[in-house]
Amino acid sequence: MTAPPAALVNRNKKHFLGIPAPLGYVAGVGRGATGFTTRSDIGPARDANDVSDDRHAPPNKRKKKEEEEDDDEDLNDSNYDEFSGYGGSLFSKDPYDKDDEEADMIYEEIDKRMDEKRKEYREKRLKEELERYRQERPKIQQQFSDLKRGLVSVTEDEWRNVPEVGDARNRKARNPRAERFTPLPDSVLTRNLGGESTTAIDPSNGLMSAIPGTATQGMLTPTGDLDLRKMGQARNNLMNVKLNQVSDSVEGQTVVDPKGYLTDLQSMIPSYGGDINDIKKARLLLKSVRETNPNHPPAWIASARLEEVTGKIQAARNLIMKGCEENPQSEDLWLEAARLQPPDTAKGVIAQAVRYIPTSVRIWIRAADLESEVKAKRRVYRKALEHIPNSVRLWKAAVELEDPEDARILLSRAVECCPTSVDLWLALARLETYENARKVLNKARENIPTDRQIWVTAAKLEEANGNNHMVEKIIDRAITSLTANGVEINREHWFKEAIEAEKGGSVHTCQVLIKAIMGQGVEEEDRKHTWMEDAESCASQGAFECARAIYSQALVTFPSKKSIWLRAAYFEKNHGTRESLESLLQRAVAHCPKSEVLWLMGAKSKWMAGDVPAARGILSLAFQANPNSEEIWLAAVKLESENSEYERARRLLAKARASAPTPRVMMKSAKLEWCLDNLELALKLLDEAIKVFPDYAKLWMMKGQIEEQQNKTDKAWETYNTAIKKCPHSVPLWLMLSGLEEKRKQLTKARSVLEKARLKNPSNPRLWLEAVRVEFRAGMRDIANTLMAKALQECPNAGILWAEAIFLEPRPQRKTKSVDALKRCEHDPNVLLAVSKLFWCEHKIQKTRDWFNRTVKIEPDLGDSWAYFYKFELLNGTEETQEDVKKRCIAAEPRHGEHWCKISKDIRHWRLTTEFILALVAKDLPIPI
């Protein structure tokens with residue numbers, strides 16, 4: 001065989017195979033491909049020595065990797081230290097018991113403690129190392145950050161002129177946004193070269209046509225410019241033509257208002273402000289529900305409401321009507337359709353609904369509501385009652401539209417159709433005469449033997465016609481009949497009926513109801529407690545006759561219970577008349593003659609009414625029932641002394657001292673002489689009393705005060721010193737001795753007296769308060785603050801101390817102190833009064849008034865709060881508010897309070913009433929600053 005020629009071999013072999021590519025060669029560049037650079041060409045963004053970042057690794061893989069590293073490092077030689085051993089846990093597979101847990105906690109606490117010592121230094125060093133590391137090995141982002149900031153100054157034209165990467169020959173093919181020019185067809189050019197006509201709007205038909213004679217350059221003329229003014233005129237002409245075409249229908253009724261066309265368009269803009277994507281999702285979901293189950297009315301309703309919310313009311317109407325076609329027996333769909341339609345169309349919708357569901361009460365009521373005239377409403381209701389004669393709701397609605405006579409006729413038919421409706425029977429009874437009403441109620445009882453309202457209405461009917469004797473019979477029969485028919489006698493429901501009867505003016509019925517029902521379901525041993533709670537509940541609801549009836553029946557059951565008589569007496573005092581109170585008290589003292597309080601209440605009532613002889617008569621009867629009673633003796637003395645019968649009062653006191661020589665009788669005897677300015681006789685009586693009752697502190701106090709009044713300071717000092725030995729636990733005596741020392745300019749002795757008093761009477765806030773005030777009056781503010789701090793430590797819940805501490809603080813710190821005081825003593829009247837004064841200082845009028853009201857409500861016996869409240873209203877209130885505070889104070893009759901007692905206990909004001917004392921105290925009070 002001969003070898004093939006060399007030409008044949010070289011013809012099939014590619015000349016570039018096995019030859020390296022020339023310099024700068026890019027594969028595919030001839031057909032428009034461009035080269036690109038990947039991350040593999042430039043290397044990773046982080047340096048090889050950077051800390052690895054596994055944040056984006058899968059969780060399972062990352063967790064597995066951590067576990068493997070932990071296992072490898074536990075027993076690795078690199079993890080071994082000759083002092084501390086292996087760094088890992090060698091006993092991780094062993095059980096973990098309580099001792100291990102406790103040891104770990106201890107080591108953890110030690111580590112935390114050691115870590116806190118060098119934490120600041122370690123964090124600072126770590127931050128410096130990190131900054132140094134970043135400076136030495138910056139990231140690629142950081143290297144190009146200055147160039148990125150420079151891109152801000154690049155203009156839009158420069159961005160457009162940035163050259164594309166790759167071959168410039170294919171740039172236009174790769175840039176779809178480049179400008180493209182399409183040549184105009186020759187036919188268009190030849191049609192418009194003449195310039196003899198132009199495109200314009202023909203107003204008659206609104207079509208584009210060539211109007212001869214208007215040789216104006218048009219938009220499509222190659223040589224003409226774009227005339228925007230002509231375009232605007234053409235657009236306006238087209239709009240007018242369209243509006244004129246649709247403005248009138250065939251019948252000549254206006255369909256579109258040309259002037260308000262844009263306004264109507266504006267009203268059609270959806271007002272929904274949510275995300276459009278949410279609406280689309282909701283539409284898809286609801287469409288799926290409708291297609292899956294077209295017989296599900298809520299899906300149609302939800303779809304319609306979605307369209308309504310987004311402003312597509314017509315779409316909503318179409319949807320709901322389609323739903324009605326699919327579910328003609330759904331009253332909810334028909335009602336929703338009527339709601340979405342305009343009033344005129346809604347009537348047609350409801351009429352269609354009635355044809356499908358003639359027994360739907362709601363649809364008939366909606367049909368009546370759509371009518372504007374009463375006559376039409378009546379017609380609808382009567383048509384409805386033909387289809388649904390047993391609907392109570394329809395009967396009630398129909399009756400409400402009728403006159404009384406027609407209503408009576410309708411109700412007579414209604415009770416035949418609905419014999420079990422109590423309301424219809426009662427309404428008919430109200431419209432009938434007395435005789436017919438009785439017959440109606442009797443029929444109602446026959447048809448509904450288990451309802452109490454019919455019986456109660458019958459009782460009210462008899463009372464209204466003067467047959468009170470029938471009321472008790474009816475109520476007794478009611479309870480018997482209802483019990484026989486298996487009805488549970490619920491006390492709460494019957495009490496509500498009684499309260500309603502009282503509010504309706506049927507007092508006798510309410511009293512009979514209370515009498516019949518109050519004993520039902522109450523255990524014999526719980527009767528008194530339960531009845532008192534019932535009476536208070538009725539009184540709080542304003543049902544005073546019900547409460548009075550409960551007290552009356554309770555007193556019949558427990559005639560000798562003094563507590564019930566007292567409760568009833570206080571009730572009559574607050575809510576009754578003077579005559580009813582006196583009548584009750586007369587019966588009370590007849591059943592409880594040994595109760596001094598009842599006798600005294602009766603005497604005081606007569607005295608307040610101005611009948612002094614009757615008051616004396618009551619007290620004389622009280623003497624006979626309670627001989628040698630201290631309270632009655634002193635009440636008789638007060639009655640005589642207040643009415644200027646001083647000789648009678650002296651004789652009474654002399655008899656009392658002879659028959660019942662108690663310390664109070666002796667004190668009142670001396671006080672009467674003191675008030676009448678017979679100081680020597682008063683001192684003589686006090687000396688006699690002190691010999692008999694040396695441990696009665698008030699006798700010593702009166703003696704010392706009289707001696708101070710006589711300017712016998714030394715004698716008063718001796719009296720007080722003797723007194724504190726006899727009565728070491730009387731705080732007022734210590735305070736009077738301290739005050740006397742302060743008057744004598746003996747500040748050190750005053751401090752000493754108070755220190756001794758605190759030793760004898762520890763944790764007494766009044767002694768601490770006086771010690772603070774002594775220092776404050778002496779100008780020792782720092783010592784006063786120190787003493788106050790000690791006082792609050794010893795008496796942390798003393799309201800008088802916290803109230804004083806608030807105003808010892810500088811103005812900026814007072815509010816904070818008041819918050820602390822309220823936390824400690826939330827319901828203390830002294831703290832509440834201090835907070836009220838604090839708001840007064842800040843001129844917060846309404847807040848001050850609210851806090852004063854809270855103070856006097858929580859403790860009406862504190863006279864200082866009433867006086868401050870009254871002074872506040874004098875300066876900031878009206879005459880009505882001032883009178884209101886005064887009346888409330890007189891009713892409360894306060895007896896305590898530092899400023900109040902200074903005036904009320906002054907011997908010169910011994911006959912002043914509460915009203916005058918209030919005015920005097922308010923006048924002397926300083927305005928808080």
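The test for being in contact (Cβ under 8 Å) with a residue 12 or more places away in the chain, closer than 22 Å to Ala834 by Cβ and not in a helix (DSSP H, G or I) holds for Pro894. No other residue among Val774, Val835 is surrounded by 21 or more Cβ atoms within 10 Å (Cβ to Cβ) and within 30 Å of Lys886 (Cβ to Cβ) apart from Val835. Of the conditions (1) modelled with pLDDT under 85; (2) open to solvent by 30 Å² or more (accessible area, probe 1.4 Å); (3) in a helix (DSSP H, G or I); (4) of a type in the set (Val, Ile, Thr), Thr420 satisfies every one except a single condition; which number is it? Result: Thr420 fails condition (3) only. Kindly establish whether Pro593 is part of a loop (DSSP other than H, G, I, E, B), open to solvent by 20 Å² or more (accessible area, probe 1.4 Å), closer than 30 Å to Gln709 by Cα and touching a residue at least 12 places away in the same chain (Cβ under 8 Å). So Pro593 does not fit the description; no.
Of the residues Arg578, Arg567, only one is more than 12 Å from Ile514 (Cα to Cα), at pLDDT 90 or above and either in contact with an Asp or Glu (Cβ under 8 Å, 6 or more places away or on another chain) or open to solvent by 90 Å² or more (accessible area, probe 1.4 Å) (or both); which? Show your work before the answer.
Values: Arg578 fails: at pLDDT 90 or above.
Selected residue: Arg567, the only one of Arg578, Arg567 that is more than 12 Å from Ile514 (Cα to Cα), at pLDDT 90 or above and either in contact with an Asp or Glu (Cβ under 8 Å, 6 or more places away or on another chain) or open to solvent by 90 Å² or more (accessible area, probe 1.4 Å) (or both).
Tallying residues that are open to solvent by less than 20 Å² (accessible area, probe 1.4 Å) and touching a Lys or Arg at 6+ places or on another chain (Cβ under 9 Å) within segment 423-437 yields 5. Scanning segment 854-866 for residues that are part of a helix (DSSP H, G or I) and either open to solvent by 10 Å² or more (accessible area, probe 1.4 Å) or farther than 17 Å from Cys841 by Cβ (or both) yields a total of 7.
Quick one: Glu336 ticks every box in (1) modelled with pLDDT of 85 or more; (2) open to solvent by 70 Å² or more (accessible area, probe 1.4 Å) bar one, so which box is it? All conditions pass for Glu336, except number (2).
Of everything in segment 475-492 that is touching a helix residue (DSSP H, G or I) at 6+ places or on another chain (Cβ under 7 Å) and in a helix (DSSP H, G or I), the residue that is most open to solvent (accessible area, probe 1.4 Å) is Asp476.
I'm trying to understand the selection: among the residues of segment 877-912, which are aliphatic (A, V, I, L, M) and over 15 Å from Arg849 (Cα atoms)? Explain how you work it out, then say what you get.
Step one: list which residues in segment 877-912 are aliphatic (A, V, I, L, M), which gives 885, 890-892, 903, 907, 912.
Hits for segment 877-912 are Ile890, Ala891, Ala892, Ile903, Ile907, Leu912.
Is it fair to say Val471 is open to solvent by less than 40 Å² (accessible area, probe 1.4 Å), touching a residue at least 40 places away in the same chain (Cβ under 8 Å) and at negative phi? In short, yes. Pairs are defined by a Cβ separation below 7 Å, a sequence spacing of at least 6 or placement on different chains, a first member in segment 614-626 that is more than 19 Å from Leu653 (Cβ to Cβ), and a second member that is of a type outside the set (Ser, Thr, Tyr) and crowded, with 16+ Cβ neighbours inside 10 Å; the pairs so defined are Ala614/Lys606; Ile618/Trp599; Ile618/Gly602; Ile618/Ala603; Ile618/Lys606.
With the requirement that a residue be among the basic types (Lys, Arg) and open to solvent by less than 80 Å² (accessible area, probe 1.4 Å), what does segment 736-756 give you? Lay out the reasoning, then the answer.
The initial filter retains those residues of segment 736-756 that are among the basic types (Lys, Arg), namely 743-745, 749, 751, 756.
Result: Arg751, single match.
For beta carbons closer than 6 Å, sequence separation of 6+ or different chains, a first residue in segment 687-707 that is open to solvent by 40 Å² or more (accessible area, probe 1.4 Å) and a second that is not in a helix (DSSP H, G or I), the qualifying pairs are Asp695/Cys727.
Selection of segment 816-828 for residues being open to solvent by less than 20 Å² (accessible area, probe 1.4 Å) and part of a helix (DSSP H, G or I) yields Ser818, Ala821.
Could you tell me whether any residue of segment 788-810 is β-branched (Val, Ile, Thr), within 34 Å of the chain's Cα centre (by Cα) and open to solvent by 50 Å² or more (accessible area, probe 1.4 Å)?
Narrowing segment 788-810 to residues β-branched (Val, Ile, Thr): 800, 806.
Restricting the remaining residues to those that are within 34 Å of the chain's Cα centre (by Cα) gives 800, 806.
In the following step, the residues that additionally are open to solvent by 50 Å² or more (accessible area, probe 1.4 Å) were identified as none.
Within segment 788-810, none of the residues are β-branched (Val, Ile, Thr), within 34 Å of the chain's Cα centre (by Cα) and open to solvent by 50 Å² or more (accessible area, probe 1.4 Å).
The values are calculated or read from the model by the stated rules, or taken from the named source; none is laboratory data. These numbers come from a predicted model, not from an experiment. Cβ sites come from the backbone with ideal geometry, for glycine too, and all protein chains shown count toward neighbours. When the accessible area is computed, the model is the full protein with side chains, heavy atoms only, and any ligands, DNA or RNA have been set aside. Shrake-Rupley method; radii C 1.70, N 1.55, O 1.52, S 1.80 Å.
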